[in-house]
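Chemist: Got a structure for you, written out below as structure tokens; questions coming shortly.
The values are calculated or read from the model by the stated rules, or taken from the named source; none is laboratory data. The shown structure was predicted, so the numbers you read here are calculated from the model rather than taken from an experiment. Don't worry about glycine lacking a Cβ; one is built from the backbone with ideal geometry, like all the others, and counts go over all protein chains shown.
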């Protein structure tokens, strides 16, 4: 049997949003020999990526029909869903699109609300009825979907959010102080004010950590509010007396640069306000880089950090964040091994390209000790 040809539907680069990045990463990872992208946009933009065969603009029937016509050449569509990326109230236009699709549609749900509005409930339930396959990326999302929308358990499958390993490679930050990193599009709801507040509790540490906040302001936030949120964060850092230890990297990072930035971190902090988030690409990327994570108690973090190296803290609580950042706990996964965060002393190393001696500063590093059970299991394979 020939490999399936796939049409990917959703936002897509150069749009700057998590779903666009996810859509491109998914296509690259699956690497089907014959694939295309239907890019969803609020309004027309100049063409950019050659794999984009059609663009569907909000509320535009002509572009919608052209996108549907392009889909006929493929075996199956994979559609990314979140309420805010499609036209109509609560993105309701996606329902008619899926119903009219000439090919089977796999719908990947990125948002499952515990208390949807009546109209959000209607949109999602009609979308689920129209879809051929429903996918969530966490068990928490699947359980919530079944409980809130009363659907049969066998009607939704879990395909975990993945990321390529990111352990080895160059770093773009070289500092003597421990680096705490949060990245992604900036805007209200990210909880960055609590991350900044936590730095004030850590001022007595020697060396005190540096908090790097990397990412541009979300385009929609920028359109409505300008840089008001970011400017407020800078004022907050000054009020706490930590302006010298809060660094804003206000620029778009391509994938290699972002991966290098993540490798530069000692700890990744996710201080999000949301109690609803059932999928976080930032969380998965941090785990794939072997980084200890401190995160507020949103569903995906609770699920993943039960088995990965990290600490879940209460929402809106900078003191709890500071304690988690400074404790350096260890985490045991029974039958697998133990993760710890250790201090590594400064040392001299050799640049493999030039042969020159270079100083490597003190830093905290994650380490892993394999369990005896896993050793025995591998030895007997």
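Chemist: Filter the stretch 348-359 down to the residues that are part of a strand (DSSP E or B) and loosely packed, with under 10 Cβ neighbours inside 10 Å, then identify the one that is modelled with the lowest pLDDT.
Modeler: We begin by selecting, within the stretch 348-359, every residue part of a strand (DSSP E or B); these are 348-350, 357-359.
Still in the running and loosely packed, with under 10 Cβ neighbours inside 10 Å: 348, 357.
Working: 348: 79, 357: 82.
Ranking the qualifying residues of the stretch 348-359, first place goes to 348.
Chemist: Still on this structure: Checking residue 165 against (1) touching a strand residue (DSSP E or B) at 6+ places or on another chain (Cβ under 9 Å); (2) exposed (fewer than 12 other Cβ atoms within 10 Å of the Cβ): exactly one of these is not met. Which one?
Modeler: The failed condition is (1).
Chemist: Regarding residue 86, is this residue under 28 Å from the mean Cα position of the chain (by Cα), under 16 Å from residue 8 (Cα atoms), outside the structural domain of residue 279 (by TED's automatic domain parsing) and surrounded by 18 or more Cβ atoms within 10 Å (Cβ to Cβ)? Give the derivation first.
Modeler: Working: under 28 Å from the mean Cα position of the chain (by Cα): yes; under 16 Å from residue 8 (Cα atoms): yes; outside the structural domain of residue 279 (by TED's automatic domain parsing): yes; surrounded by 18 or more Cβ atoms within 10 Å (Cβ to Cβ): yes.
Judged against the criteria, residue 86 is a match.
Chemist: Please count how many residues of the stretch 97-118 are surrounded by 15 or more Cβ atoms within 10 Å (Cβ to Cβ) and either under 23 Å from residue 42 (Cα atoms) or outside the structural domain of residue 57 (by TED's automatic domain parsing) (or both).
Modeler: 11
Chemist: Restricting attention to the stretch 57-81, report how many residues are farther than 14 Å from residue 102 by Cβ, in contact with a helix residue (DSSP H, G or I) (Cβ under 6 Å, 6 or more places away or on another chain) and surrounded by fewer than 20 Cβ atoms within 10 Å (Cβ to Cβ). Spell out how you get there, then give the answer.
Modeler: Going through the stretch 57-81, the residues farther than 14 Å from residue 102 by Cβ turn out to be 57-63, 78, 80-81.
Add one more test, that the residue is in contact with a helix residue (DSSP H, G or I) (Cβ under 6 Å, 6 or more places away or on another chain), and what stays is 57, 80.
Imposing the further condition that a residue be surrounded by fewer than 20 Cβ atoms within 10 Å (Cβ to Cβ) reduces the set to 57.
Residues meeting the conditions: 1.
Chemist: For residue 236, state whether it is on the phi < 0 side of the Ramachandran plot and at pLDDT 95 or above.
Modeler: Values: on the phi < 0 side of the Ramachandran plot: yes; at pLDDT 95 or above: yes.
Here the answer is yes, as residue 236 does meet what is asked.
Chemist: Let me ask something else. Is it true that some residue in the stretch 245-261 is part of a loop (DSSP other than H, G, I, E, B) and farther than 23 Å from residue 171 by Cα? Steps first, answer last, please.
Modeler: Step one: filter the stretch 245-261 for residues part of a loop (DSSP other than H, G, I, E, B), giving 250-254.
So of that shortlist, the ones also farther than 23 Å from residue 171 by Cα come out as none.
No: the stretch 245-261 contains no residue that is part of a loop (DSSP other than H, G, I, E, B) and farther than 23 Å from residue 171 by Cα.
Chemist: Another question about this same structure. Condition first: assigned to a loop (DSSP other than H, G, I, E, B), modelled with pLDDT under 95 and either in contact with a helix residue (DSSP H, G or I) (Cβ under 8 Å, 6 or more places away or on another chain) or surrounded by fewer than 17 Cβ atoms within 10 Å (Cβ to Cβ) (or both). Now tell me which residues in the stretch 5-31 satisfy that.
Modeler: Keep residues of the stretch 5-31 that are assigned to a loop (DSSP other than H, G, I, E, B), which gives 5, 11-17, 31.
If we keep only those that are modelled with pLDDT under 95 too, we end up with 13-17, 31.
Listed by number, the residues that qualify are 13, 14, 16, 17, 31.
Chemist: Here is a further query. So which residues in the stretch 178-202 are surrounded by fewer than 17 Cβ atoms within 10 Å (Cβ to Cβ) and touching a helix residue (DSSP H, G or I) at 6+ places or on another chain (Cβ under 8 Å), if there are any at all?
Modeler: The first filter runs over the stretch 178-202 and keeps only residues surrounded by fewer than 17 Cβ atoms within 10 Å (Cβ to Cβ), leaving 188-189.
Residue satisfying the conditions is 188 alone.
Chemist: While we're on this one: I'm checking my understanding of the structure. Among residues of the stretch 192-227 that are under 14 Å from residue 250 (Cβ atoms) and part of a helix (DSSP H, G or I), which one is modelled with the highest pLDDT? Spell out the reasoning first.
Modeler: First, the residues of the stretch 192-227 that are under 14 Å from residue 250 (Cβ atoms): 192, 212-219, 221-222, 226-227.
If we keep only those that are part of a helix (DSSP H, G or I) as well, we get 192, 219, 221-222.
Numbers: 192: 98, 219: 88, 221: 93, 222: 93.
So, considering only residues that are under 14 Å from residue 250 (Cβ atoms) and part of a helix (DSSP H, G or I), the one modelled with the highest pLDDT is 192.
Chemist: Scan the stretch 140-160 for residues that are in contact (Cβ under 8 Å) with a residue 60 or more places away in the chain and surrounded by fewer than 21 Cβ atoms within 10 Å (Cβ to Cβ) and report the count.
Modeler: Applying the first criterion (in contact (Cβ under 8 Å) with a residue 60 or more places away in the chain) to the stretch 140-160 yields 140-141, 144.
Going one step further and asking which of them are surrounded by fewer than 21 Cβ atoms within 10 Å (Cβ to Cβ), we end up with 144.
So the answer is 1.
Chemist: Where residues in the stretch 32-44 are in a loop (DSSP other than H, G, I, E, B) and farther than 22 Å from residue 59 by Cβ, which of them is modelled with the highest pLDDT?
Modeler: The initial filter retains those residues of the stretch 32-44 that are in a loop (DSSP other than H, G, I, E, B), namely 32-34, 42-44.
Then drop every residue that is not farther than 22 Å from residue 59 by Cβ, which leaves 32-34.
Values: 32: 86, 33: 86, 34: 93.
Per the criteria, the residue is 34.
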